[in-house]
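Structure, as structure tokens:
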Ligand code: NCD
């Protein structure tokens, strides 16, 4: 595998291998990992805002002994502002580094970049398309927290239409046995058909309220309503705040359930929930570091 553009490139074996590699990376820190990819360089090319994805990729690269070149506002500060095509930028940047991590507002941008790139392209989010590295760290988190993936019941809550993290995560979960999915969203923001078509063998339920699954789900994967994808902000206002995990809801959940969120949260989880051991979202964000170390070393292993 040269690029990581879509989770469709990964089978169950590769998914488990990456989880196990992420676990090894965690154990190798703080010192032993620094000699894994010395003298290699990664470029982070971000055309959309990011906190966790870019910084954890950069920290991951440093932990592997790599160098970093970065543009965190490529729309404004790269030659994109002068009208350069993405393909030309990739051809040029590829001459300066060994891998490119890219986030872009256009669905399919990572694929487009991969089609001309001489170095591995890692998709760090392409519009409403996919976010494969987030879904991998989500899988690693589920495995670390629940000690199993087969047979779990996962509720995905919020903006399932525009949220790229859930588009990647459900495709990944489809590789595991007897996983049951609950899609909870307003009908206007439901999981797109192209994603549903790809998870045909999986048992799923489409709901618009959390009530009936509070006592049965093992994972509550909460997402933000994706404000930046709405052309009409009054439409966004209609859905903002529609779901919120409160102490009252938490009381009804199983003792060993976990609450996840790719973050940033903007009101979907009451901060009072943070102190409960079932709140896994900050551990999940930390896992991004280990999984991104695993991804970089996996893709650069033979280069
Ligand atoms: C997500 C994204 O960018 O898709 N953030 C992240 O990478 N953790 C989720 C979001 O922005 O809502």
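Limited to segment 213-239, what total is found for residues that are within 16 Å of the ligand (Cβ to nearest atom) and more than 21 Å from the chain's Cα centre (by Cα)?
Number satisfying all stated conditions: 2.
Please work out if residue 257 is crowded, with 18+ Cβ neighbours inside 10 Å and either touching a residue at least 40 places away in the same chain (Cβ under 8 Å) or within 16 Å of the ligand (Cβ to nearest atom) (or both). Talk me through it step by step, then tell me what you get.
On the way: crowded, with 18+ Cβ neighbours inside 10 Å: yes; either touching a residue at least 40 places away in the same chain (Cβ under 8 Å) or within 16 Å of the ligand (Cβ to nearest atom) (or both): yes.
When the stated conditions are applied, residue 257 passes them.
Can you pull out every residue in segment 35-58 that is assigned to a loop (DSSP other than H, G, I, E, B), touching a strand residue (DSSP E or B) at 6+ places or on another chain (Cβ under 7 Å) and away from the ligand (no atom under 11 Å from the Cβ)?
We begin by selecting, within segment 35-58, every residue assigned to a loop (DSSP other than H, G, I, E, B); these are 36-40, 47-51.
Right, trim to touching a strand residue (DSSP E or B) at 6+ places or on another chain (Cβ under 7 Å) and you get 47-48, 50.
Listed by number, the list holds a single entry, 47.
Looking only at segment 166-212, filter to residues that are crowded, with 19+ Cβ neighbours inside 10 Å and within 17 Å of residue 268 (Cα to Cα); which one of those is nearest to the ligand (Cβ to nearest atom)?
166
Each row is one residue, and each column tells you yes or no for (1) touching a strand residue (DSSP E or B) at 6+ places or on another chain (Cβ under 7 Å); (2) more than 12 Å from the ligand (Cβ to nearest atom).
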site: 71; (1), (2): yes, yes
site: 80; (1), (2): no, yes
site: 110; (1), (2): yes, yes
site: 121; (1), (2): yes, yes
site: 129; (1), (2): no, no
site: 132; (1), (2): yes, no
site: 143; (1), (2): no, yes
site: 156; (1), (2): yes, yes
site: 159; (1), (2): no, no
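Specify which of the listed residues (2, 13) is out of contact with any strand residue (DSSP E or B) (no Cβ under 7 Å at 6 or more places or on another chain) and surrounded by 14 or more Cβ atoms within 10 Å (Cβ to Cβ). Talk me through it step by step, then tell me what you get.
Working: 13 fails: surrounded by 14 or more Cβ atoms within 10 Å (Cβ to Cβ).
Just a single option satisfies the conditions, and that option is 2.
So that you can scan it fast, the table gives a plain yes or no per residue for (1) within 16 Å of the ligand (Cβ to nearest atom); (2) within 17 Å of residue 143 (Cβ to Cβ); (3) modelled with pLDDT of 95 or more; (4) not in a loop (DSSP other than H, G, I, E, B):
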{"site": "262", "(1), (2), (3), (4)": "yes, yes, yes, no"}
{"site": "277", "(1), (2), (3), (4)": "no, no, yes, no"}
{"site": "283", "(1), (2), (3), (4)": "yes, yes, yes, yes"}
{"site": "298", "(1), (2), (3), (4)": "no, yes, yes, yes"}
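Within the bounds of segment 36-52, is there any residue that is free of Cβ contacts under 8 Å to residues at least 60 places away in the same chain and over 29 Å from residue 105 (Cα atoms)?
Yes, the conditions are met somewhere in segment 36-52.
Picking from 184, 172, which residue would you name as being closer than 19 Å to residue 5 by Cα and touching a residue at least 40 places away in the same chain (Cβ under 8 Å)?
None of the others qualify; the one that does is 172.
Determine the pairs where a residue that is touching a residue at least 40 places away in the same chain (Cβ under 8 Å) and farther than 23 Å from residue 5 by Cβ, located within segment 280-297, has a partner that is assigned to a helix (DSSP H, G or I) and more than 14 Å from the ligand (Cβ to nearest atom) with Cβ atoms under 6 Å apart, the partner being 6 or more residues away or on another chain.
Note: pairs meeting the criteria are 280/145.
So, in segment 71-112, how many residues would count as being crowded, with 16+ Cβ neighbours inside 10 Å and not in a loop (DSSP other than H, G, I, E, B)?
17
With respect to the numbered conditions (1) buried (at least 23 other Cβ atoms within 10 Å of the Cβ); (2) in contact with a helix residue (DSSP H, G or I) (Cβ under 7 Å, 6 or more places away or on another chain), which one is the sole condition not fulfilled by residue 236?
Of everything listed in (1) buried (at least 23 other Cβ atoms within 10 Å of the Cβ); (2) in contact with a helix residue (DSSP H, G or I) (Cβ under 7 Å, 6 or more places away or on another chain), residue 236 misses just condition (1).
Can you tell me which of (1) within 16 Å of the ligand (Cβ to nearest atom); (2) under 23 Å from residue 33 (Cβ atoms); (3) free of Cβ contacts under 8 Å to residues at least 24 places away in the same chain is the one residue 106 doesn't meet?
For residue 106, the exception is condition (2).
Evaluate segment 261-279: report whether one residue or more is free of Cβ contacts under 8 Å to residues at least 24 places away in the same chain and crowded, with 18+ Cβ neighbours inside 10 Å.
yes
Does residue 163 count as within 12 Å of the ligand (Cβ to nearest atom), closer than 12 Å to residue 221 by Cα and out of contact with any strand residue (DSSP E or B) (no Cβ under 7 Å at 6 or more places or on another chain)?
Criteria met by residue 163.
The values are calculated or read from the model by the stated rules, or taken from the named source; none is laboratory data. These figures come from a predicted structure and were not determined experimentally. In this analysis, Cβ positions are derived from the backbone assuming ideal geometry, glycine residues included, and neighbour counts consider all displayed protein chains.
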